[in-house]
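The block underneath contains the structure these notes are about, expressed in structure tokens.
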């Protein structure tokens, strides 16, 4: 039976098995001609993808790992007018064992876009004094990642928190540093309860490959 393409957009005359191999190639299909909602589960198997170049897996973040969350060591002293690396004593999770020695290091093959979150809470900050927090990449301050939170009164417990996304390569490492101008050493809150109002934490998730 001849194959007929009808004016209504339907095709008749196809035998079991459909079109012969090679009848429609990628150049024949218009952009967005096939949507995922039209592809039944199991229609495309691994064997149907003709080469590893068809899908570049390095662009995929997969299950969004590595990811981690760590809590600061409670009671850490932070000196006046000194950028001090935050000490983290409790791991809430660390999917790839990539957090160690108070820093996150990108594992081999896991470069990409990472989103970081941080919170530092400090005691005894007086009116118009402030806390600054910055991410450091490979030992250098990432200026765009930082912020400055001022105390609204005398002897206040002030939290400072923020979010920042950056591109990282395998072997790059990221740390959290904080700074204050209170005049003497101040105590940073931390602990072992991630849901506590006193928690100071550092966490990240991989969004997508390089």
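Laboratory data are not the source of any read-out in this text; all were calculated from the coordinates shown. For clarity, every value in this text was computed on a predicted model and none was experimentally measured. Here the Cβ positions follow ideal geometry from the backbone for every residue, glycine too, while neighbour counts run over all protein chains shown.
Listed values, structure above:
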| read-out | value |
| --- | --- |
| For peptides 166-173, 116-123, 131-138, sequence by mean Cβ density within 10 Å, most packed first | 116-123, 131-138, 166-173 |
| Gained length - residue 102 relative to residue 141, 0.36 nm times residue gap less alpha-carbon distance | 12.5 nm |
| Segment residue 163-residue 192, extension gain: residue separation times 0.36 nm, minus the distance between their alpha carbons | 8.3 nm |
| Rounded D (µm²/s) - segment 67-209, Kirkwood Rh over Cα pairs, Stokes-Einstein at 10 °C, 1.306 mPa s | 105 |
| Alpha-carbon centroid distance for the pair segment 58-135 / segment 141-210, whole angstrom | 7 |
| Modelled label reach - residue 91, point 7 Å along Cα→Cβ, segment 160-180 residues with backbone N closer than 18 Å | 171-176 |
| Equivalent ellipsoid semi-axes - Cα gyration tensor, segment 67-144, angstrom | 26, 15, 11 |
| Calculated over segment 108-187: convex hull of Cα atoms, volume per residue (Å³) | 88 |
